[in-house]
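Novice: Pasting in a structure now, in structure tokens, and then I'll have a few things to ask.
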Amino acid sequence: MAISIITKEDLQEFKTELLESMEKLLQGNTSEQKLWLRTSEVKELLHVSSGTLQNMRINGTLSYSKVGGMLYYNYKDIQKLMTDFKRSPVINTHGKDGR
């Protein structure tokens, strides 16, 4: 059986690598978006009122799931909604006054 000698430098290198790995893991978790959002989160995200969100549910603009009286919205559905309603900028080629 061979004996390995661990030096102070080896421990310092291990510590640095471990801290870098932990930092990467922690950063990955904070940027991860939740899959399902509650009503209050969706209202804040879209800057809409409760009534507007209810109208979006009623007319089928935004799908939802109801579990135990709570409404949940899929984050990907909200992203799709934003993409579907995205408008291109209008470019005025006639100058400032539109002539």
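Read the figures in this text as sums done on the coordinates, not as results from a lab. Predicted, not measured: the structure shown is a model, and the values here were computed from it. For neighbour counting, all protein chains shown are included, and Cβ atoms are generated from backbone atoms with ideal geometry for every residue, glycine included.
Novice: Can you sort ASP84, ASP10, ASP77 so the residue with the fewest Cβ neighbours within 10 Å comes first? Can you show the working numbers first?
Specialist: Values: ASP84 8, ASP10 11, ASP77 16.
Lowest count first: ASP84, ASP10, ASP77.
Novice: Can you tell which of SER63, SER40, SER21 shows the greatest fluctuation in a Gaussian network model of the chain with Cα springs below 10 Å?
Specialist: Answer for the Gaussian network model of the chain: SER21.
Novice: Let me ask you something else. Suppose R0 equals 35 Å. What FRET efficiency, 1/(1 + (r/R0)^6) with r the Cβ-Cβ distance, do GLU44 and GLU23 give to the nearest 0.05?
Specialist: On the way: r = 29 Å, r/R0 = 0.83.
Step by step, r from the Cβ atoms, then E = 0.75.
Novice: Order of VAL42, VAL48 from fewest to most other C-beta atoms within 10 Å? Could you put the intermediate results ahead of the total?
Specialist: Details: VAL42 20, VAL48 15.
Ranking VAL42, VAL48 by Cβ neighbours within 10 Å, fewest first, gives VAL48, VAL42.
Novice: Can you give the local net charge around SER63? Use residues other than it whose beta-carbon is closer than 13 angstrom to its beta-carbon, Lys and Arg +1, Asp and Glu -1.
Specialist: Values: positive: ARG57, LYS66, LYS76, LYS80; negative: ASP77, ASP84.
Combined, the nearby Lys, Arg, Asp and Glu give +2.
Novice: Could you work out, for region 36-84, what percent of all Cα-Cα pairs fall into each 5 Å distance bin, beginning at 0 Å and stopping at the bin that holds the largest distance?
Specialist: Values per bin, smallest distances first: 5, 21, 36, 30, 7, 1, 0.
Novice: What's the FRET efficiency of TRP36 with ILE58 using the Cβ-Cβ distance as r and R₀ = 22 Å, to the nearest 0.05?
Specialist: Working: r = 20 Å, r/R0 = 0.92.
So, using R0 = 22 Å, E works out to roughly 0.65.
Novice: What is the Å³ per residue value for the convex hull set by the Cα atoms of region 1-88? Numbers along the way, then the final one.
Specialist: Numbers: hull volume 18.8 nm³, N = 88.
Measuring per residue, one finds 214 Å³ for the Cα hull of region 1-88.
Novice: Tell me the mean residue ellipticity at 222 nm calculated for the chain from its helices only (DSSP H runs of n ≥ 4, each -39500 (n - 2.57), averaged over every residue, nearest 500). Please list the in-between numbers first.
Specialist: Values: 4 runs with 51 residues, N = 99.
It comes out at -16000 deg cm²/dmol, rounded to the nearest 500.
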